[in-house]
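For reference, the structure discussed in these notes is given below.
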Amino acid sequence: MGVCGERGVPPSFAPRGPYGRETLRSRREQQTTQQYAKIAIPKLQLRLDCDSLQSVHGFHGSLWRSAAKSTAPLKELFSGADLRRLGQLFIVMTGAWLTLNATVGALPGVINAVLRVKSSGVNTGILIGAGISAVLYPLIGLLSQTFGRRPTIAVIGLLNLIPACTLYYLLIASGYRNPTTLIILVALIMLFSLPIWAVHTPYLAESFRTGIRSSGYGVSYSLATILPGLYSLYMLGLGALMPYAYTPIVLLALGGLFLSIGALAGQETKEVDFHRRQDVPGMG
């Protein structure tokens, strides 16, 4: 049966080119671990966030009751200083999703379909890196509370841009040939790319006044998933200009740039007093 005849892949969307057939064959092998990692990592952070929110439920309950209510939070969110703040956070979260898709999303497929190596080593490295990162999340949060969300996110962007991209290049160039080296390199890449998920929740929540905080958080977090979600199309386009196996490095570098530039474009939020401030500083 031809590539276009694979079940579940419409002919008009079937992958073409030298790696199309291998991509389809490897998709089922990659799907389970990719979906687990991409869903479990944010969900673990969400669980920690929920625990934190429960511990301060009384504080936020009184804050909400005393705050001025908005009759049209989305309308306010997309106007004036709130819109500028939303645009700045959109850049930050676009960078966060790009770094996640360039690593967790793209790595197993590139290693398996393009470099012809079983993706089990990549999946193992991803899970090891994610596990270690989860342990380090409280420390990263403490650093952001000590030195500020803004510089912490900017540094995280640089970690994606320089050491993570360098390790990615070494992995694709030759590191994939040795299973142990492959796992170590993938785990290190994850350690450099995942820390943003320890900081984004307080940063987004502190960036909007109480009356529109839920809308601002939800829109800035979710809207930024759309463009990075098309990463496979970007990789195909970049494949016309460079070896396809190296294209995720470009996306990882762009994600790091967006994180750093977006964070530096905004104001520091760690000292925001929700009881005293009804508004949060907008973009710098």
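Since every read-out is calculated from the coordinates, none of them should be taken as a lab result. Values in this document were obtained by computation on a predicted structure and should not be read as measured data. A quick note on method: Cβ atoms are made from the backbone with ideal geometry, for glycine too, and the neighbour counts reach across all protein chains shown.
Going through segment 124-224, which chymotrypsin sites (Phe, Trp or Tyr not before Pro) have at most 15 other Cβ atoms within 10 Å and a DSSP loop state?
Details: sites: Phe147, Tyr168, Tyr169, Tyr176, Phe192, Trp197, Tyr203, Phe208, Tyr217, Tyr221; in loops: Phe208.
Passing sites in segment 124-224 do not exist.
Quick one: check the C-alpha center-to-center distance for segment 202-262 versus segment 100-125, whole angstrom.
Each part reduced to its Cα centre gives a spacing of 20 Å.
What would the Debye formula give as log10 I(q)/I(0) at q = 0.07, 0.09, 0.11, 0.18 Å⁻¹ for the alpha-carbon point model of segment 76-265, no solvent?
Values returned for q = 0.07, 0.09, 0.11, 0.18 Å⁻¹ are -0.20, -0.33, -0.49, -1.14.
Sort 236-247, 98-109 by the packing proxy (mean of other Cβ within 10 Å over each peptide's residues), most packed first.
Values: 236-247: 14.4, 98-109: 26.3.
Most protected by this proxy first, the peptides run 98-109, 236-247.
Hey, what do the phi angles of segment 80-95 turn into as Karplus ³J(HN,Hα) couplings, whole Hz, using 6.51/-1.76/1.60 and θ = phi - 60°, x for Gly and Pro?
x, 5, 5, 5, 5, 5, 4, x, 5, 5, 4, 5, 4, 6, 4, x
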